[in-house]
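The structure under discussion appears below in the form of structure tokens.
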Amino acid sequence: MKKFLHESWLVVLMGGAFAALLATTQSATIDRIRENERQDLDTAIAEVVPDLGAGRPPEKLRVAEHDVYRCRDARGMLVGWVVDASGVGFIDKIRLVVGLSPDGRTITGVKVIGHLETPGLGNKIETKGDEHFYPLQYAGKSTQRAMELVKRPAGEPHEIQAITGATYSSQYVMDIVNAVIARVVPELPAEKG
Amino acid sequence: MAEEMSHFQQFKSGIVENNPVLVQLLGMCPTLAITNSLENALVMGAAATFVVVMSNLITSLLRNLIQPHVRILIFTLTIATFVTIADMTLKAHLYQVSKQLGAFVPLIIVNCMIICRAEVVALKSGVGRSLADAFGIGIGFTLALSILGVIREILGSGSLTLPGGMKLLELPPGFDPHAWIIMILPPGAFLTLGVVVGVVNYLRQRKPKEVPA
């Protein structure tokens, strides 16, 4: 026992000291990290619900195992829904938000908020002004029919053009959006007026 | 070490003669994975510098108390703690970059460059020398990553952006970055590293050797 203590006291002591150090750092940064994540989500929500303006803070619901945000404008009118969804990606999970019209029949926007897709190719699933056409295609699509990926300029209303060199990334994003259409949209609570 | 180096020489050695990436070829995982832009390279370099400085400092302070057979345990404990602190700090203050670096910040824990400095220098030297060494190695690492980052970002994206979003350079529109897309993909990392290490070796061999071995 004595030998054991003689050899290990430093490790035990350092373990304790470092744990205290980590706890301090954690409590000093956690609020800010949460705030960053919340801001990221808020920016994304405002982007996919163009009518939100300076509305009320979105109300969080749980629909079909997804976080769903009910968005109202300043006067309390329903202006849209936002579904927070994630799914498999090329390298790591892709997380995105889908904006829906108040009646849930139209997509108002899609924005990827978390991914590790290949820089220069797959990362074009992310919105970047008007530079990346891919995510912009979703605005205005109907939720009555699953979308299909094509490798040419989209012709039919339900078609989405893939990113050249990143067909898989394009497909994965579309799969997540299609899953939202199929599983979450029919479950949205009915809303009067 | 046949002859004791001065603290400044120890510092300089990490940047030039013993550059961890370009000469010792240590820390290849972040070198290959995150040097597709200058911003990533600088942030990764800063995080690794912070960790190697803290690890060298603690190891050097405790060097007379550390039992030889638990030393690796102590190194790992120290490094893991400070990597976690660096990771939390990045998430709090440089959220977008930390999202891009993803798992590579936590992976600094297994960067053998850092444990190597603890073993080779900090365990046997005073605090001053250990810190000089850590800063040298950290800056050398950052410099090497930045060289790769600059080359790959210019060729692969056709522009160079500083952290904070300032465009430093934009290639003329006649240059098509799509043709060079390979530079920001993994093969581009290997190609660039190979060329840079080749140039460094060539320059090192051209130096006249003072004492024939």
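The values are calculated or read from the model by the stated rules, or taken from the named source; none is laboratory data. Remember, it's a predicted structure, so these values are computed and weren't measured experimentally. When we count neighbours, we look across all protein chains shown, and the Cβ atoms used for this are built from the backbone with ideal geometry, even at glycine. Heavy atoms of the whole protein, side chains included, go into the accessibility calculation; ligands, DNA and RNA do not. Shrake-Rupley method; radii C 1.70, N 1.55, O 1.52, S 1.80 Å.
Helix B:127-157: angle to the longest alpha-carbon principal axis of chain B, degrees 0 to 90, nearest 10?
Compared with the principal axis, the helix lies near 10 degrees.
Relative to the present Cα-Cα distance, how much length would full extension add between B:Q96 and B:M28 at 0.36 nm per residue of separation?
The B:Q96-B:M28 span can extend by a further 22.1 nm.
Quick one: plug the Kirkwood hydrodynamic radius of the protein assembly as shown (C-alpha pairs) into Stokes-Einstein at 4 °C, 1.567 mPa s, and report D in µm²/s.
The Stokes-Einstein estimate is 53 µm²/s.
About the Cα centre of the range A:30-107, what is the dipole size in debye to 20, counting +1 per Lys and Arg Cβ and -1 per Asp and Glu Cβ, all else neutral?
It comes to approximately 200 debye.
For chain B, which whole percent of the accessible surface, found with a 1.4 angstrom probe, sits on carbon and sulfur atoms?
That share works out to 68 percent.
Working with all protein chains in place, sort A:E159, A:E131 by solvent-accessible area computed with a 1.4 Å probe, largest first.
Listed by decreasing accessible area, they come as A:E131, A:E159.
Just A:R56, A:R32, A:R145 to compare: in a GNM of chain A, with alpha carbon springs under 10 Å, which one fluctuates most?
Sorting by GNM fluctuation, first place goes to A:R32.
Going from most exposed to least, what order do B:C116, A:C71, B:C29 have by accessible area with a 1.4 Å probe?
In descending accessible area the options line up as B:C29, B:C116, A:C71.
For B:K99, A:K3, give the ranking by accessible area with the largest first, probe 1.4 Å.
Of B:K99, A:K3, the descending order of accessible area is A:K3, B:K99.
To the nearest 20 debye, what is the magnitude of the charge dipole of the range B:7-204 about its Cα centre, counting +1 on the Cβ of each Lys and Arg and -1 on the Cβ of each Asp and Glu?
So the dipole magnitude of the range B:7-204 works out to roughly 500 debye.
Taking 8 Å as the Cα distance limit and 6 or more residues as the minimum spacing, I'd like the relative contact order of chain A as a percentage.
15
Suppose each label sits 7 Å from its Cα in the direction of the beta carbon; what would the A:K3-A:Q171 distance come out to in nanometres?
6.1
Work out which residues of the range B:151-194 lose at minimum 30 square angstrom of accessible surface when the other protein chains are put back, relative to the chain isolated, with a 1.4 angstrom probe, and list them by number.
Residues meeting the cut-off: B:I181, B:I184, B:L185.
Looking only at A:L121, A:L136, A:L13, which one moves most when chain A is put into a Gaussian network model with springs between Cα atoms under 10 Å?
The residue with the greatest mean-square fluctuation here is A:L13.
With a/c under 1.5 counting as rounded, go ahead and sort the range B:68-213 into rounded, prolate or oblate using the C-alpha gyration tensor (a ≥ b ≥ c being the square roots of the eigenvalues; past the cut-off, prolate if a/b is larger than b/c, else oblate).
Here the range B:68-213 falls in the oblate category.
Counting protein heavy atoms only and a 1.4 angstrom probe, how many square angstrom of accessible surface do chains B and A bury in total, to the nearest 100?
2400
Just grab the label-to-label distance for B:Y202 and A:D92, each label 7 Å out from Cα along the Cβ direction, in nm (one decimal).
Label-label distance for B:Y202 and A:D92, simple model: 3.7 nm.
If you wrap a convex hull around the Cα atoms of the range A:1-151, how much volume per residue is inside, in Å³?
197
Given charges of +1 on the Cβ of Lys and Arg and -1 on the Cβ of Asp and Glu, with all other atoms neutral, how large is the dipole of the protein assembly as shown about its Cα centre, in debye to the nearest 20?
So the dipole magnitude of the protein assembly as shown works out to roughly 820 debye.
What angle do you read, to the nearest 10 degrees and between 0 and 90, between the alpha-carbon axis of helix A:2-48 and the longest principal axis of chain A?
Once rounded, one gets 20 degrees.
Averaged over A:169-182, how many beta carbons belonging to a partner chain fall within 10 Å of each residue's beta carbon?
0
Give me the 1.4 Å probe accessible area per residue for the protein assembly as shown, excluding ligands and nucleic acids, in Å².
Accessible area per residue: 51 Å².
Accessible surface of B:W180 in the full protein assembly, 1.4 angstrom probe, to the nearest 10 Å²?
So the heavy atoms of B:W180 present about 110 Å² to solvent.
Could you compute the FRET efficiency for A:D103 and A:V150, with r as their C-beta to C-beta distance and R0 at 22 Å, rounded to 0.05?
With R0 = 22 Å, the Cβ-Cβ based efficiency is 0.20.
Only protein chains counted, 1.4 angstrom probe. Which residues of the range A:11-26 are at least 10 Å² less accessible in the assembly than when their chain is isolated?
Hits at the 10 Å² cut-off: A:V11, A:M14, A:G15, A:F18, A:L21, A:L22, A:T25, A:Q26.
Write down Rg/Rh for the range B:13-145, rounded to two decimals, with Rg from the C-alpha atoms and Rh from the Kirkwood relation over Cα pairs.
Taking Rg over the Kirkwood Rh, I get 0.96.
Distance cut-off 23 Å, Cα to Cα: go down the list A:K60/A:K128; B:K124/B:K207; A:K111/A:K141; A:K111/B:K167 and report the pairs above it.
The pairs that break the limit, which is 23 Å between Cα atoms, are A:K60/A:K128; B:K124/B:K207; A:K111/B:K167.
Just need the relative contact order of the range B:7-204 here, percent rounded to a whole number, with Cα pairs under 8 Å and 6+ apart.
Dividing the mean separation by the residue count of the range B:7-204 yields 36 percent.
Could you tell me what percent of the DSSP beta bridges with both partners in the protein assembly as shown are antiparallel, to the nearest 5?
Antiparallel bridges: around 90 percent, rounded to the nearest 5.
If each Cα of the range A:1-88 is one equal point scatterer, what is log10 of I(q)/I(0) from the Debye formula at q = 0.17, 0.18 Å⁻¹?
Relative scattering, expressed as log10 I(q)/I(0), comes to -0.81, -0.86.
Can you tell me the convex hull volume per residue for the range A:70-193, based on C-alpha atoms, in Å³ to the nearest whole number?
105
Over the heavy atoms of B:R71, what accessible area does a 1.4 Å probe trace out, to the nearest 10 Å²?
Spelled out: B:R71, probe radius 1.4 Å, area about 70 Å².
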